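Asks: Before anything else, here's the structure in question.
The values are calculated or read from the model by the stated rules, or taken from the named source; none is laboratory data. These figures come from a predicted structure and were not determined experimentally. A quick note on method: Cβ atoms are made from the backbone with ideal geometry, for glycine too, and the neighbour counts reach across all protein chains shown. Only protein heavy atoms, including side chains, enter the accessible area calculation; ligands, DNA and RNA are left aside. Shrake-Rupley method; radii C 1.70, N 1.55, O 1.52, S 1.80 Å.
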Amino acid sequence: MNTVLIERTLPTGQTLQIVQGDITLEAVDAIVNAANEHLAHGGGVAWAIVRRGGEVIQQESDKWIKQHGLVSHAHPAWTLGGALPAKYVIHAVGPVWGDGDEDKKLSAAVTGSLRVADELKCSSISMPAISTGIFGFPKDRAAGIILSSVDQYFAKVQESGIRQIRIVLFDVSSLQVFVKVWQKYISKNNKTTLADWIDGIDELFS
Ligand code: AR6
């Protein structure tokens, strides 16, 4: 069972939660997959999503690639959820650590996922720690980027219909890092833009 560890109401009214558990069990309108640009869901959370949701998710993903080409960071793909409790899967492509401009690419994947969720009229969405597994993005830095990108999306998109955002963390080490960064972020959340956040990020983790 997935457990809510901490929760905060954003200045814009949405509930943001940090959850321990398995994203494939989330009964929300949409879950986010940490995908690659080919939507070849062979490992990590992507594999777990197809295993529980069914091959139909891989088949729909293959169709998406045929119709739209490779998936970019800023424009996630989406499919139905198959046998998952979630209605939709939004396939976000985070950066591979080492590719360059990783912070902005991760932020684009997060805000792109929220935008697609709004286009699909979702009111609840669950997101994993995109890029922090096979793609090797440092977990503490990713936590800062993901949390601040969520804040910024809602500050910008005031007409958003999303009411609940759940960051779902599977392994204990990710959980510990996200909770630590969350606490630092909350105590320093006078940093409101991504540019401010990135400028201050090394100081925050020193
Ligand atoms: N629920 C929630 N989080 C999970 C789950 C789960 N069931 N399983 C793993 N995680 P990763 P990436 C966490 O590697 O780094 C795939 O092959 C995991 O502990 O899934 O973006 C894709 O097809 C980690 O914290 O995604 C791409 O090729 C986080 O999910 C590539 O991996 C992300 O780890 C994407 O790599």
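Asks: Using beta carbons and a limit of 8 Å, which pairs, at least six apart or on different chains, have the first residue in segment 165-184 and more than 18 Å from Asn33 (Cβ to Cβ) and the second one open to solvent by 10 Å² or more (accessible area, probe 1.4 Å) and near the ligand (Cβ under 10 Å from one of its atoms)?
Replies: Hits for this filter: Ser173/Lys139; Leu175/Gln20; Val177/Lys139; Phe178/Ala129; Phe178/Lys139.
Asks: Still on this model: Suppose the filter is among the charged types (D, E, K, R), out of contact with any helix residue (DSSP H, G or I) (no Cβ under 6 Å at 6 or more places or on another chain), within 15 Å of the ligand (Cβ to nearest atom) and at negative phi; does Glu119 pass it? Give the derivation first.
Replies: Working: among the charged types (D, E, K, R): yes; out of contact with any helix residue (DSSP H, G or I) (no Cβ under 6 Å at 6 or more places or on another chain): yes; within 15 Å of the ligand (Cβ to nearest atom): no; at negative phi: yes.
Answer is no for this residue.
Asks: Something else about it: Name the pairs: first residue in segment 55-70 and among the aliphatic types (A, V, I, L, M), second residue open to solvent by 100 Å² or more (accessible area, probe 1.4 Å), Cβ to Cβ under 9 Å, at least 6 apart or on different chains?
Replies: Ile65/His38; Leu70/His38
Asks: Ok, one more. Taking segment 128-158, which residues are near the ligand (Cβ under 9 Å from one of its atoms) and either open to solvent by less than 20 Å² (accessible area, probe 1.4 Å) or not basic (Lys, Arg) (or both)?
Replies: Pro128, Ala129, Ile130, Ser131, Thr132, Gly133, Ile134, Phe135, Gly136, Phe137, Ala142
Asks: OK, next. If the requirement is being more than 9 Å from the ligand (Cβ to nearest atom), crowded, with 21+ Cβ neighbours inside 10 Å and within 20 Å of Ser149 (Cα to Cα), which of these qualifies: Gly112, Gly13?
Replies: Exactly one residue qualifies, and that residue is Gly112.
Asks: Open to solvent by less than 60 Å² (accessible area, probe 1.4 Å) and over 15 Å from the mean Cα position of the chain (by Cα) - does that describe any residue in segment 74-81?
Replies: Checked against the condition, which is being open to solvent by less than 60 Å² (accessible area, probe 1.4 Å) and over 15 Å from the mean Cα position of the chain (by Cα), segment 74-81 yields at least one hit.
Asks: On to the next question. I'd like the residue in segment 27-48 that is buried (at least 20 other Cβ atoms within 10 Å of the Cβ) and farther than 18 Å from Ile65 by Cα and, out of all such residues, is farthest from the ligand (Cβ to nearest atom).
Replies: Looking at the filtered set, the residue picked out is Asp29.
Asks: Here is a follow-up. Please state which one of Gln152, Gln176 is farther than 22 Å from Thr12 by Cβ and either modelled with pLDDT under 95 or small (Gly, Ala, Ser) (or both). Don't jump to the end; show me each part of the working.
Replies: Values: Gln152 fails: farther than 22 Å from Thr12 by Cβ.
From the options Gln152, Gln176, the qualifying one is Gln176.
Asks: So which residues in segment 54-70 are within 11 Å of the ligand (Cβ to nearest atom) and either open to solvent by less than 10 Å² (accessible area, probe 1.4 Å) or closer than 16 Å to Ile130 by Cα (or both), if there are any at all?
Replies: If the condition is that a residue be within 11 Å of the ligand (Cβ to nearest atom) and either open to solvent by less than 10 Å² (accessible area, probe 1.4 Å) or closer than 16 Å to Ile130 by Cα (or both), then Ser61 is the only one that fits.
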